[in-house]
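To start, the structure itself, in structure tokens.
The values are calculated or read from the model by the stated rules, or taken from the named source; none is laboratory data. Predicted model, so just to flag it, every value in this text is computed and none were measured. Please note: Cβ atoms are built from the backbone with ideal geometry, for glycine as well, and neighbour counts cover all protein chains shown. Areas reflect the complete protein model, heavy atoms only, side chains present, ligands, DNA and RNA absent. Shrake-Rupley method; radii C 1.70, N 1.55, O 1.52, S 1.80 Å.
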Amino acid sequence: AVTLDEGEVYMVKGDGQTRGVFDLTGSRIRSTKPVGFLPFHERTTMPNLLVFGNGRNHLVEMMPPVNNWGKRYATVEYKRENLNGIGKGDVFRVVASQANTKWSLKYYDKASKALLGQGGGVLAKAGDFADVTQSGAPTALTSGFSVWNADKPVFVMQYSCSQSWDGDQILDPFMINVVPKEQFITSTIFQSPTSGKFGKHRLNLIV
């Protein structure tokens, strides 16, 4: 147990000497008072098994509490330039909140709505997770728009790939929590950076 005062931070991280081995996903954090939880990777390629990949970045997101996880998700592929004609799509991670969680995925072409692929499985224990998908070399991943379903609440994270995955010179790895359909809203406010260094602004709307 760790005792923290207001504003204090407690961090746990690996030594950076392994690839795809040290992973704290599935850890259960409990506290007597509200806390913020920020999972992160200090510097990685994406997929993080990508061999000799160019484009490494810091990944971090505020994790929602388990009681805010959902059973239905929808995502849109991140807009990238796809300049090398080999790599395509995004990486996902799905995490179970309860034992014996069945989950499924279908993804479709954004224009034709044709089914491009599907997957799924069973996560045996609370905290177990599946990566969709890992690869050591550029290939086609989940793309277009995707629909996720589970029989028990799950968490889904979406990752942008490294520049050497598909040749995009602008977008390096980042990760974003996917919001479950149960928490979709009818209005929002968003802001874009005002710095001139940001030449492109992209917004994904899922309706």
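Hey, what did the chain get for relative contact order, percent, Cα under 8 Å, at least 6 apart?
Here the relative contact order equals 26 percent.
Hand me the trypsin sites (Lys or Arg not before Pro) from region 25-106 located in a DSSP loop with no more than 10 other Cβ atoms within 10 Å, in residue order please.
ARG28, ARG30
Calculate, for region 29-79, the solvent-accessible area per residue in square angstrom, rolling a 1.4 angstrom probe over the heavy atoms of the protein chains.
About 66 Å² of surface per residue is accessible.
In nm, to one decimal, how far is the SER187 label point from the HIS201 one, both placed 7 Å along Cα→Cβ?
2.0 nm
What whole-number value in Å² describes the accessible area per residue of region 135-183 for a 1.4 Å probe?
Spelled out: the 1.4 Å probe surface of region 135-183, per residue, equals 34 Å².
Take the solvent-accessible surface of the protein heavy atoms, probe 1.4 Å, and return the percent of it on the chain that carbon and sulfur atoms account for.
54 percent
Can you list the equivalent-ellipsoid semi-axes of region 145-207, largest first and in whole Å, using the square root of 5 times each Cα gyration tensor eigenvalue?
26, 19, 9
Over all alpha-carbon pairs of the chain, lay out the pair-distance distribution in 5 Å bins, whole %, shortest bin first.
That works out to 1, 6, 13, 17, 20, 18, 14, 7, 3, 1, 0, in percent per bin.
Count charges around GLY36 for me, please; just the other residues with Cβ under 15 Å from its Cβ, Lys/Arg as +1, Asp/Glu as -1.
-2
Sort region 22-132 into rounded, prolate or oblate with this rule: let a ≥ b ≥ c be the square roots of the eigenvalues of the Cα gyration tensor; rounded if a/c is under 1.5, and if a/c is not under 1.5, prolate when a/b is larger than b/c, oblate otherwise.
Since a/c reaches 1.5 but b/c is at least a/b, the shape of region 22-132 is classed as oblate.
Looking only at chymotrypsin sites (Phe, Trp or Tyr not before Pro) in DSSP loops with at most 15 other Cβ atoms within 10 Å, what is the longest site-free stretch of the chain?
Counting only loop sites that pass the neighbour cut-off, the longest clear stretch is 53-183.
Holding the Cα-Cα limit at 19 Å, pick out from LYS13/LYS152; LYS102/LYS152; LYS71/LYS181 the pairs that are longer than that.
Distance filter (> 19 Å) returns LYS13/LYS152.
Scanning the chain for GluC sites (Glu not before Pro) in DSSP loops with at most 13 other Cβ atoms within 10 Å, what's the longest stretch left with none?
82-207
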